[in-house]
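Engineer: Provided herewith is a single structure, encoded as structure tokens, for subsequent inquiry.
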Amino acid sequence: MGLNKTQEELNSKLQDATDSSQLLLAYHNLKQESSAKHKELKKKEEYFLYQEEMAFKKELNILRNDYYYQMISGKYTILINFLYKPLDILSGDAYSVRKICESTTFYYIVDGMGKGISASLTSMLITAFINHTLDIMLKNKTFDFYTLINNAIEYIQPILLEEEAIATDFILIDVKNHIMQYSTFAMPAMLLENSDHEIIKIKSNNPPLSKYQKNINISKQDTSDIIKFLFYTDGLVESAAVEDGKTYSDFIQNDFLNSFTKDAFAKKAFEKIATQDDDITIIFLNKSSCFEGLVTSQSFESSLENIDMANEWYEKELNNLLDNPKSIYNGTLAFNELFTNAYEHGNLGISSKIKHQLISEDIYYETLTEKERNCDKKIQVTINKIIHNSDIYIITKIVDEGEGFDTQILSKIFRNTKKYNGRGVFISRQSSSGIFYNSKGNTVLFITQ
């Protein structure tokens with residue numbers, strides 16, 4: 001009996017060991033299977049994120065902005081600002097701003113019906129077509145506002161579904177003749193502010209753009225007395241407000257009236273909006289006299305010594321104009337970066353690429369000193385002070401005598417802030433309430449609040 005009992009115990013232990021081994025093996029297999037599924041899911045997620053990133057880059061390529069961080073200069077300075085805030089990667093909103101000639105600009109916003117891929121496809125298709133058509137018209141010098149609108153409608157109608165419609169703004173502003181032409185299809189009312197600080201609401205003059213649209217109405221508005229413009233999609237005004245039972249449409253006019261810049265307006269808007277429910281696109285235009293609120297103007301020779309002198313002078317001026325230490329710090333930071341750019345890249349003609357090469361070879365400052373000897377170009381700085389309601393804005397303009405640059409390269413800089421080239425411009429934008437170049441690229445204006 002003792003032998004049989006010992007054998008039973010041994011068999012039991014062997015069975016336990018076998019069961020334990022099988023459990024360990026099963027656990028190991030489950031772990032491997034889980035790891036494989038995790039890797040597969042991670043790979044799919046990475047692929048999905050990659051596709052989203054590529055889709056967004058494609059959207060940004062379709063949107064065209066001939067005034068990227070650029071102002072319209074002349075008797076009046078037109079500051080053009082944008083806010084493009086998609087709810088998802090695939091946006092139903094799109095916009096373009098195109099330079100027709102020195103005095104005339106075309107503004108376009110579209111809002112596809114609904115959300116997701118269908119709305120995004122519609123918006124991007126019509127936007128791409130409009131930009132392509134404009135490219136041909138401008139190249140052949142055959143631009144015609146009505147023809148552009150008509151061709152765009154004829155292009156998109158066969159693509160629209162039976163129940164589908166889109167809202168869109170076609171706007172043409174001639175700053176020389178003070179005329180705005182517009183053809184708007186079921187978009188929210190455009191807001192204009194005149195010199196008496198009265199709001200002018202301009203409602204759509206066409207129904208939603210549908211598959212069977214036939215007539216096109218184009219209207220005109222005198223803009224000689226207009227100082228600000230606001231064009232936007234309904235994602236802004238239909239967003240629920242923090243205040244119960246209201247939408248942002250209840251506040252937009254007052255906020256627009258009390259905002260000198262797009263940044264100030266956006267800050268007010270998003271403080272009141274509870275949740276963004278749709279894509280939001282804003283075009284904010286500010287028109288002001290070049291000579292309004294002039295405080296002082298100073299000319300500087302192109303030298304390293306004068307960079308320090310200019311910074312000291314500018315900081316002293318800001319301290320006399322502002323009492324907010326943070327604003328003074330941000331203003332002097334932006335000024336230092338942009339004045340240095342005017343000196344290095346503008347008057348001395350040293351590109352970012354060459355600058356980095358000189359630094360790597362440890363001959364940067366020697367090269368600057370050598371170039372200074374043969375440079376008689378100056379840098380002109382002008383400071384203006386504008387009081388809007390109770391807010392003070394300092395408008396600083398820096399003009400160099402260099403060859404300028406193509407401001408479109410800024411789109412690459414601001415989309416890739418980790419890139420070293422152009423960091424100075426990026427820092428200046430982050431430290432200001434707006435930064436704008438002239439078309440040549442040798443004048444920069446920035447706003448400090």
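What follows draws every value from the coordinates through simple rules; no lab data is involved. Fair warning: this is a prediction, and the values are worked out from it, not measured in the lab. Using ideal geometry, Cβ is built from the backbone for each residue, glycine included, and neighbour counts are taken over all protein chains shown.
Engineer: Once you place label points 7 Å from the Cα toward the Cβ at ILE386 and LYS139, how far apart are they in nm?
Structural biologist: 3.7 nm
Engineer: Summing +1 for each Lys or Arg and -1 for each Asp or Glu, what net charge is found among the other residues whose Cβ lies under 9 Å from the Cβ of LEU138? Write out the running numbers ahead of the final one.
Structural biologist: Numbers: positive: ARG98, LYS99, LYS139, LYS141; negative: ASP135.
Cβ neighbours under 9 Å give a net charge of +3.
Engineer: Here's a follow-up. Quick check: pseudo-label points 7 Å beyond the Cα along Cα→Cβ at LYS201 and LYS326, how many nm apart are they?
Structural biologist: 3.5 nm
Engineer: Taking the Cα centre of region 294-448 as the origin, how large is its charge dipole in debye, to the nearest 20, when only Lys and Arg (+1) and Asp and Glu (-1) carry charge on their Cβ atoms?
Structural biologist: 780 debye
Engineer: Would you work out which of ILE307, HIS356, GLY293 lies farthest towards the positive end of the dipole of region 247-395? Charges go on Cβ: Lys and Arg +1, Asp and Glu -1.
Structural biologist: The residue sitting farthest along the positive end of the dipole is GLY293.
Engineer: Quick check for you: which residues of region 342-359 have the amide N under 15 Å from the point 7 Å beyond the Cα of GLU366 toward its beta carbon?
Structural biologist: Within reach of a label on GLU366, which here means backbone N under 15 Å from a point 7 Å along Cα→Cβ, region 342-359 contributes 357-359.
Engineer: Calculate log10 I(q)/I(0) of region 294-448 for q = 0.09, 0.21 Å⁻¹, where I(q) comes from the Debye formula with a single equal point scatterer on each Cα and nothing for solvent.
Structural biologist: Computed log10 I(q)/I(0) values: -0.28, -1.45.
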